[in-house]
């Protein structure tokens, strides 16, 4: 995944993080993801991921919507900018 680890092991209703997805409480979901990974994601990426994992199939993004999403079609990062972001997002040791 984009943060280097899974948000939850599997779609299990007893998983507290998965429950946030089921309830549509993405604000709390992202706060929990940040507290676990200490990594931030852009709003565009969050929007894309929310659309992909939405528990309501009628609201879930279709493949054509994913392909056309702003995050996938915005500027491409340079190797230098990616390495800089990686060093900024590494957990403090």
Confirm whether residue 33 is part of a helix (DSSP H, G or I), out of contact with any helix residue (DSSP H, G or I) (no Cβ under 6 Å at 6 or more places or on another chain) and modelled with pLDDT of 85 or more. yes
Pairs, first on the phi > 0 side of the Ramachandran plot and surrounded by 13 or more Cβ atoms within 10 Å (Cβ to Cβ) in the range 12-34, second modelled with pLDDT of 90 or more and not in a loop (DSSP other than H, G, I, E, B), C-beta under 9 Å, six or more apart: 24/50
Which numbered condition residue 75 misses (of (1) within 20 Å of residue 20 (Cβ to Cβ); (2) part of a loop (DSSP other than H, G, I, E, B)): (1)
Determine which single condition residue 58 fails, assuming it passes every other condition in (1) in a loop (DSSP other than H, G, I, E, B); (2) surrounded by 11 or more Cβ atoms within 10 Å (Cβ to Cβ); (3) modelled with pLDDT of 90 or more. (2)
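What residue, of 70, 84, is out of contact with any helix residue (DSSP H, G or I) (no Cβ under 8 Å at 6 or more places or on another chain) and surrounded by 11 or more Cβ atoms within 10 Å (Cβ to Cβ)?
On the way: 70 fails: out of contact with any helix residue (DSSP H, G or I) (no Cβ under 8 Å at 6 or more places or on another chain).
The match here is 84.
The values are calculated or read from the model by the stated rules, or taken from the named source; none is laboratory data. Keep in mind the model is a prediction, meaning the values are calculated, not measured. Backbone-built Cβ (ideal geometry, glycine too); neighbour counts: all protein chains shown.
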